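Novice: To start, I am sharing the structure in question, which I have written as structure tokens.
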Amino acid sequence: MNMEEEVNKASKTRTMWRRKLDPTKIDEYIHRHNTIWPELLDFIKEQGISNYSIFLSDNEVFGYFEHDDIPALMDPKNLPTQLQIDWEESMRPLAADKISDDLGTQRNLQLVFYVK
């Protein structure tokens, strides 16, 4: 099977996001994820999200997750829940740009290489 066939058979949509942190708030960012709200963790799993990872490089974090039905997850008709709003508002002070409208914006990127 060639790489194009491998990419096409990948069953999950992979989504990434990135965010710059206030360099003085990195330890707090890590702490908040080590003590993530249990109801938020449950919500993430209920949405069918799997393999959710956040990576840190200097003062920038990169999130990655997989989902079977990303169009439904990203549909603008699916308004954020109060839980999501509260989490994002609690995290905003840790961001480098505290007034950014796209804080945590998720982007679907074109998959060009895949190894299972």
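Novice: Quick query: amide H of Y52 versus all other amide H atoms, modeled in the peptide plane; which residues come in under 5 Å with a sequence gap of 5 or more or a different chain?
Specialist: E66
Novice: Can you list residues whose amide H is under 5 Å from A95's amide H, if they're 5+ apart or on another chain and H is modeled 1.01 Å from N?
Specialist: Placed amide hydrogens put D22 under 5 Å from A95.
Novice: Moving to a separate point now. Can you list the HN-Hα couplings for region 23-39, worked out from phi with the Karplus curve (6.51, -1.76, 1.60; θ = phi - 60°), rounded to whole Hz and with x for Gly and Pro?
Specialist: With coefficients 6.51, -1.76 and 1.60, one gets x, 7, 10, 4, 4, 5, 4, 4, 4, 5, 7, 6, 10, 4, 4, x, 5 Hz.
Novice: Normalise the Debye intensity by I(0) for region 24-73, one equal point scatterer per Cα, no solvent, then take log10 at q = 0.20, 0.25 Å⁻¹ and round to two decimals.
Specialist: -0.80, -1.03
Novice: So what are the ³J(HN,Hα) numbers for region 79-95, from phi and the Karplus equation (6.51, -1.76, 1.60; θ = phi - 60°), rounded to whole Hz, Gly and Pro as x?
Specialist: 5, x, 6, 4, 4, 5, 4, 4, 5, 4, 5, 6, 8, 3, x, 8, 7
Novice: Mind listing the long-range amide H neighbours of R18? Cut-off is under 5 Å, sequence gap 5 or more, other chains count too, H placed in the peptide plane at 1.01 Å from N.
Specialist: Residues meeting the criterion, in which the H sits 1.01 Å from N, are G63.
Laboratory data are not the source of any read-out in this text; all were calculated from the coordinates shown. Only a predicted model underlies this, so the values are computations on that prediction, with no experimental measurement involved.
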